[in-house]
């Protein structure tokens, strides 16, 4: 058993401000006993689309180096929910999630597969593919705390990804996000609970909240949460602003639920 924390941020275009906010909350969660701490999608920058590639960094850049140092200092496993990773293109980057060990080493990286290209008339319009190159492979991270299946935000809507992750051994799913307010209000919690129920995994979902300085001044829904493998919300931040929430993670509970209701044995496709 260990304590996990979801960090909720209101990231904007000021990277220094965002990093200071994230560090303050990560430290507070660690002081409360969290051994696994996850930040949301776009932790270090959430601003104009055209600035994503321009400000993108490599894995050995300042953002990842900072989080590696925090993980080592706090002796915690830390998920940098995502940052814009520089690639070969000068006009596009990757939306990359990075998992750090308590020694400050990179355990795993995951590049977001499903890109958020939608147009809900009068509510939200965004074309993530304009600035992001999609990833191509699911990622499992085997750690002393358990096997984490990594994903990011819009991936949440594609259950086949999570079934692949659980079939490959995942007992915990991470879904760092910046869910928009209109989609989050109707879909966020129900989708998180569905992914937990169908995979019988813990779901750890840190999120952005409030207004950002990107196109249209869109707002994120917040409600960072941790969901049990039975589908219960066991920790939640709300949507009043930045903060964090903690929950006990007991992987014996995963085993008990899977033994009582062996979904993996009953799937026919």
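Go through segment 14-61 and give me each residue that's in contact with a helix residue (DSSP H, G or I) (Cβ under 7 Å, 6 or more places away or on another chain) and part of a loop (DSSP other than H, G, I, E, B).
Within segment 14-61, 39, 41, 43, 44, 45, 48, 49 qualify.
Check off (1) surrounded by 21 or more Cβ atoms within 10 Å (Cβ to Cβ); (2) part of a loop (DSSP other than H, G, I, E, B); (3) in contact (Cβ under 8 Å) with a residue 60 or more places away in the chain for residue 241 and give me the number that stays unchecked.
(1)
Go through segment 98-120 and give me each residue that's closer than 24 Å to residue 145 by Cβ, in a strand (DSSP E or B) and either touching a helix residue (DSSP H, G or I) at 6+ places or on another chain (Cβ under 9 Å) or in contact (Cβ under 8 Å) with a residue 40 or more places away in the chain (or both).
Listed by number, the residues that qualify are 98, 99, 100, 106, 108, 109, 110.
Scanning segment 85-97 for residues that are without any contact (Cβ under 8 Å) to a residue 60 or more places away in the chain and within 26 Å of residue 34 (Cα to Cα), which turns out surrounded by the most Cβ atoms within 10 Å (Cβ to Cβ)? Lay out the reasoning, then the answer.
Let us first name the residues in segment 85-97 that are without any contact (Cβ under 8 Å) to a residue 60 or more places away in the chain, namely 85-96.
Of the ones still in play, those that are also within 26 Å of residue 34 (Cα to Cα) are 95-96.
Numbers: 95: 30, 96: 24.
My answer is 95.
Being more than 19 Å from residue 41 (Cβ to Cβ) and in contact with a strand residue (DSSP E or B) (Cβ under 9 Å, 6 or more places away or on another chain) narrows it down to one of 57, 75, 105, so name that one. Lay out the reasoning, then the answer.
Working: 57 fails: more than 19 Å from residue 41 (Cβ to Cβ); 105 fails: in contact with a strand residue (DSSP E or B) (Cβ under 9 Å, 6 or more places away or on another chain).
Selected residue: 75, the only one of 57, 75, 105 that is more than 19 Å from residue 41 (Cβ to Cβ) and in contact with a strand residue (DSSP E or B) (Cβ under 9 Å, 6 or more places away or on another chain).
One residue is enough: does segment 16-36 have a residue meeting the conditions under 24 Å from residue 87 (Cα atoms), buried (at least 16 other Cβ atoms within 10 Å of the Cβ), in contact with a strand residue (DSSP E or B) (Cβ under 9 Å, 6 or more places away or on another chain) and modelled with pLDDT under 95?
Looking for residues that are under 24 Å from residue 87 (Cα atoms), buried (at least 16 other Cβ atoms within 10 Å of the Cβ), in contact with a strand residue (DSSP E or B) (Cβ under 9 Å, 6 or more places away or on another chain) and modelled with pLDDT under 95, one finds none in segment 16-36, hence no.
Just to be sure I understand, how many residues within segment 53-91 are over 16 Å from the mean Cα position of the chain (by Cα), more than 18 Å from residue 11 (Cα to Cα) and modelled with pLDDT of 95 or more?
15
Quick one: residue 122 ticks every box in (1) modelled with pLDDT of 95 or more; (2) surrounded by fewer than 18 Cβ atoms within 10 Å (Cβ to Cβ) bar one, so which box is it?
All conditions are met except number (1).
Can you confirm whether residue 151 is buried (at least 19 other Cβ atoms within 10 Å of the Cβ) and touching a strand residue (DSSP E or B) at 6+ places or on another chain (Cβ under 7 Å)?
Details: buried (at least 19 other Cβ atoms within 10 Å of the Cβ): yes; touching a strand residue (DSSP E or B) at 6+ places or on another chain (Cβ under 7 Å): yes.
Answer is yes for this residue.
Suppose we filter 260, 205 for residues that are at pLDDT 95 or above, more than 21 Å from residue 17 (Cα to Cα) and crowded, with 18+ Cβ neighbours inside 10 Å; which single one remains? It would help to see each step written out before you state the result.
Values: 260 fails: crowded, with 18+ Cβ neighbours inside 10 Å.
The unique qualifying residue is 205.
Among the strands (runs of 3 or more DSSP E) contained in segment 121-229, which hold 1 or more residues that are over 28 Å from residue 91 (Cβ atoms) and under 17 Å from the mean Cα position of the chain (by Cα)?
Strands (runs of 3 or more DSSP E) meeting the threshold: 139-143, 146-150, 172-174, 202-205, 209-211, 219-221, 225-227.
The values are calculated or read from the model by the stated rules, or taken from the named source; none is laboratory data. Because the structure is a prediction, the values reported are computed rather than measured. Cβ: placed from backbone, ideal geometry, glycine included. Neighbour counts: every protein chain shown.
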